[in-house]
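S.K.: Provided herewith is a single structure, encoded as structure tokens, for subsequent inquiry.
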Amino acid sequence: MEDTTHVSAGQAFLDLERLLGVEVSLDVFHGTLRRAAQAMHPRGEVGTMLVTCSDEFLGEVRTAFARDVARPLTALQMIGSRGTFAVANLGGRFEPGALALADEHFSGGSRPDSARRLVVELVAHVGRLRQDHSSTHGLVDRFGKASPCCGALTLLLEAPEATAAVRHPWFDQLSAFFGPARLSQLRADPSPWRLVRAAIVHAVLQGESAMADLLRDPPDGPAHILLACVVAINQPGTDGALLASVQRMHFDGTHMHLEHAAALRSSPEALDISSQAGRLLVSFAEQHDQPRVVPVARTRAEVHEDLHALTAGLERLAQPHERAKVHEHLTRIQRQVAHAKKKPSTWRIYSRPLLRGLVQGLSIVAPELGLAAFALQAGTDAVKAQHVRKLLREGPKRDQARQVLHQLEAELQQLSHREAQEVLDVLVAENSPLWKH
Ligand SMILES: [Zn+2]
């Protein structure tokens, strides 16, 4: 019985994984997502969460998600069907802490012996305007007028004066997480796929933020989590859907198991886009699977030495109970790193979320150590690296260390997968100085 369930869960997830980079109609996508969620753990209770852009063109996605995913999944629950935990903001940004809240809301009726399920869909979007016999991506027809879609991502690439003159939190957040390298590639992209690329990168990055949140702060009690990041294609007739990344995680109450993962690349130039029979098809070019920013030029030994120097003297700042928490957090991430390494694609997809989860977790318990961990990768930006090192030499005040970490967190998202893997390896290694604190 166990085995049958397992095989069908695996098959249902493979069916979903096959949609990676392939545009299908929204109902086909949602049907496949629902079957993967149903097969995941058939007895547990279900919570659903949807993150979309505020754009009125996402109305179809919201209705379809409620009808084809949320309602069928929750219909048989003892306490009746519940709504979806919905986040709608400019661009469709994942909000840190939202997953924990959603999980708490949906866990009320869970039996302690039964793992619950959480199905999360994160949606980026791009318009498709059909004129005569051609299609233009990045535009929709709003009341007879061609209009940018996604408007927020279009503004992100255009960076109008107003966003510099008046504080736009969404613009600052998106700019920070895309980072200068991805933004300059997208801004220089002369192809008709510019906004499609921006939407895919955005969807993959939002998914990584959600994973980092889960890895830092796992659910309270056993849970199966299915996280799908998708680009909705808004067009006349039925919307399309292109899966950008999907992850399946199982939290057994103590450990988080990274069960399946598949994702398109988050570097714009690595996305090879074409249109076949009017539908988008995306593959990622392997030749771009190289460190994108600056390769970690130092040897492992030098990096270790660096970390020793950065953390020297910081032990006086950590209290014994904090040390225990640091160890607990490090042990958890170390186990997840070992698990992720079993499969190259899982290791690639989870490397940045794991590093972010590690640094975020350290920042809560012992921000000075978080800062030291961060300083290791800040080598890509000499000015920032100097600033962080100076702070560490002076022995930063706790609030000050946290503030700096808040400002710098997006930088971790700009590392290539290889850089993130390299830094993670050093931080969680048995001889890492972080264990001594
Ligand atoms: Zn939008």
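The values are calculated or read from the model by the stated rules, or taken from the named source; none is laboratory data. If you're wondering where the values come from, they're calculated on a predicted model, not measured in any experiment. Glycine also receives a Cβ, built like all others from the backbone with ideal geometry; neighbour counts cover every protein chain displayed. We work out accessible area using only protein heavy atoms, side chains counted, and drop any ligands, DNA or RNA first. Shrake-Rupley method; radii C 1.70, N 1.55, O 1.52, S 1.80 Å.
S.K.: Taking the condition of being under 16 Å from Val282 (Cβ atoms) and not in a helix (DSSP H, G or I), how many residues in the range 170-197 meet it?
M.R.: Looking only at that region, the number is 4.
S.K.: Moving to a separate point now. With respect to Ser8, determine if the residue is open to solvent by 20 Å² or more (accessible area, probe 1.4 Å), touching a Gly at 6+ places or on another chain (Cβ under 7 Å) and more than 16 Å from the ligand (Cβ to nearest atom).
M.R.: Against the criterion (open to solvent by 20 Å² or more (accessible area, probe 1.4 Å), touching a Gly at 6+ places or on another chain (Cβ under 7 Å) and more than 16 Å from the ligand (Cβ to nearest atom)), Ser8 does not qualify.
S.K.: I need a count of the residues in the range 29-44 that are touching a residue at least 24 places away in the same chain (Cβ under 8 Å) and either among the small types (Gly, Ala, Ser) or open to solvent by less than 30 Å² (accessible area, probe 1.4 Å) (or both).
M.R.: Number satisfying all stated conditions: 9.
S.K.: Checking the structure you have, find out if any residue of the range 175-185 is open to solvent by 60 Å² or more (accessible area, probe 1.4 Å) and either within 15 Å of the ligand (Cβ to nearest atom) or not aromatic (Phe, Trp, Tyr) (or both).
M.R.: yes
S.K.: While we're here: Inside the range 412-437, can you point out the residues that are of a type outside the set (S, T, N, Q), assigned to a helix (DSSP H, G or I) and open to solvent by less than 40 Å² (accessible area, probe 1.4 Å)?
M.R.: Once the filter is applied, which keeps residues that are of a type outside the set (S, T, N, Q), assigned to a helix (DSSP H, G or I) and open to solvent by less than 40 Å² (accessible area, probe 1.4 Å), the range 412-437 yields Leu412, His417, Glu419, Ala420, Val423, Leu424, Asp425, Val426, Leu427, Val428, Pro433, Leu434.
S.K.: Considering each residue of the range 156-173, count those that are within 13 Å of Ala198 (Cα to Cα) and in contact with a Lys or Arg (Cβ under 7 Å, 6 or more places away or on another chain), and give that number.
M.R.: 1
S.K.: May I pose another question? State whether one or more residues within the range 55-62 are at pLDDT 90 or above, part of a strand (DSSP E or B) and within 14 Å of the ligand (Cβ to nearest atom).
M.R.: Taking every residue of the range 55-62 in turn, none turns out to be at pLDDT 90 or above, part of a strand (DSSP E or B) and within 14 Å of the ligand (Cβ to nearest atom).
S.K.: Restricting attention to the range 140-157, which residues are open to solvent by 50 Å² or more (accessible area, probe 1.4 Å) and either within 14 Å of the ligand (Cβ to nearest atom) or polar (S, T, N, Q) (or both)?
M.R.: Listed by number, the residues that qualify are Pro148, Leu155.
S.K.: While we're looking at this one, here's another question. Are any residues in the range 129-139 open to solvent by less than 30 Å² (accessible area, probe 1.4 Å) and within 14 Å of the ligand (Cβ to nearest atom), and if so, which ones?
M.R.: Selection gives His137, Gly138.
S.K.: Here's something else I'd like to know. Quick one: would you say Val359 is of a type in the set (Val, Ile, Thr), at pLDDT 75 or above and buried (at least 17 other Cβ atoms within 10 Å of the Cβ)?
M.R.: yes
S.K.: Would you pick out the residues in the range 389-425 that are among the aliphatic types (A, V, I, L, M), under 13 Å from Val359 (Cα atoms) and in contact (Cβ under 8 Å) with a residue 40 or more places away in the chain?
M.R.: Hits for the range 389-425 are Leu405, Ala410, Leu412, Ala420, Val423, Leu424.
S.K.: Moving on to the next point. Which of the residues that make up the range 221-243 are outside any strand (DSSP E or B) and more than 18 Å from Ala64 (Cα to Cα)?
M.R.: Within the range 221-243, Gly221, Pro222 meet the criteria.
S.K.: Restricting to the range 104-150, count the residues that are at pLDDT below 85 and not in a strand (DSSP E or B).
M.R.: So the count comes out to 14.
S.K.: Within the range 104-121, identify whether any single residue is within 16 Å of the ligand (Cβ to nearest atom) and either over 22 Å from the mean Cα position of the chain (by Cα) or buried (at least 16 other Cβ atoms within 10 Å of the Cβ) (or both), and answer yes or no.
M.R.: Yes; the residues of the range 104-121 include at least one that is within 16 Å of the ligand (Cβ to nearest atom) and either over 22 Å from the mean Cα position of the chain (by Cα) or buried (at least 16 other Cβ atoms within 10 Å of the Cβ) (or both).
S.K.: Quick one: in the range 38-54, of everything that is in a strand (DSSP E or B), farther than 23 Å from Asp141 by Cα and not hydrophobic (A, V, I, L, M, F, W, C), which residue is modelled with the lowest pLDDT?
M.R.: Taking the candidates together, the pick is Gly47.
S.K.: Now, a different point. Out of curiosity, is Ala88 touching a Cys at 6+ places or on another chain (Cβ under 8 Å) and surrounded by fewer than 20 Cβ atoms within 10 Å (Cβ to Cβ)?
M.R.: When the stated conditions are applied, Ala88 passes them.
S.K.: Looking only at the range 397-411, which residues are buried (at least 16 other Cβ atoms within 10 Å of the Cβ) and of a type outside the set (A, V, I, L, M)?
M.R.: Arg402, Glu409, Glu411
S.K.: Tell me whether the range 226-243 contains one or more residues that are modelled with pLDDT under 85, within 19 Å of the chain's Cα centre (by Cα) and surrounded by 17 or more Cβ atoms within 10 Å (Cβ to Cβ).
M.R.: Within the range 226-243 (the criterion being modelled with pLDDT under 85, within 19 Å of the chain's Cα centre (by Cα) and surrounded by 17 or more Cβ atoms within 10 Å (Cβ to Cβ)), the answer is no, since none of the residues qualifies.
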